Amino acid sequence: MLSIIYSEKFISQFESLDSKIQKIAKKKIDNFKKNHKHPSLKTHKLNGILADYFSFSVDYEIRIVFEFGKKDTVHFLKIGDHSIYK
């Protein structure tokens, strides 16, 4: 199973989300830990200035941006709507 490291930015953004979205995000994160390629997550590599990063869907609007670390470690960097890509 993957180990996740949460950035301060991610934690701050997560805490500002509606509690309903937080609950959905926690379930998606659990799914991600078990299988980061699960089709329901829609995990994909980003382009442009974010080409070193990946993203997956929490719901229709909310995404989590992350990068792979060493071994089975993943760094969650941001969570939010598409504005987090800027």
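Throughout, read-outs are computed from the coordinates displayed, never taken from laboratory work. This one's a predicted model, so the numbers in the text were calculated from it and none came from an experiment. Cβ placement follows ideal geometry from the backbone for every residue including glycine, while neighbour counts extend to all protein chains displayed.
Is at least one residue of region 27-43 in contact with a Leu (Cβ under 7 Å, 6 or more places away or on another chain) and either among the aromatic types (Phe, Trp, Tyr) or in contact (Cβ under 8 Å) with a residue 40 or more places away in the chain (or both)? Show your work before the answer.
The first filter runs over region 27-43 and keeps only residues in contact with a Leu (Cβ under 7 Å, 6 or more places away or on another chain), leaving 28, 31-33, 36.
Cutting the leftovers down to either among the aromatic types (Phe, Trp, Tyr) or in contact (Cβ under 8 Å) with a residue 40 or more places away in the chain (or both) gives us 32.
So far as region 27-43 goes, yes, one or more of its residues are in contact with a Leu (Cβ under 7 Å, 6 or more places away or on another chain) and either among the aromatic types (Phe, Trp, Tyr) or in contact (Cβ under 8 Å) with a residue 40 or more places away in the chain (or both).
Quick check on residue 24: is it in contact (Cβ under 8 Å) with a residue 40 or more places away in the chain and of a type in the set (Val, Ile, Thr)? It would help to see each step written out before you state the result.
Numbers: in contact (Cβ under 8 Å) with a residue 40 or more places away in the chain: no; of a type in the set (Val, Ile, Thr): yes.
So residue 24 fails the test.
If you check every pair at least six apart or on different chains, which have Cβ atoms under 6 Å apart with a residue in region 54-77 that is of a type in the set (Lys, Arg) first and a residue that is buried (at least 20 other Cβ atoms within 10 Å of the Cβ) and part of a strand (DSSP E or B) second?
Hits for this filter: 63/55.
Do any strands (runs of 3 or more DSSP E) entirely within region 10-86 hold 2 or more residues that are among the aliphatic types (A, V, I, L, M) and surrounded by 10 or more Cβ atoms within 10 Å (Cβ to Cβ), and if so, which? Let's see the steps before the verdict.
Numbers: elements: 54-57, 63-68, 73-80.
In region 10-86, the matching strands (runs of 3 or more DSSP E) lie at 63-68, 73-80.
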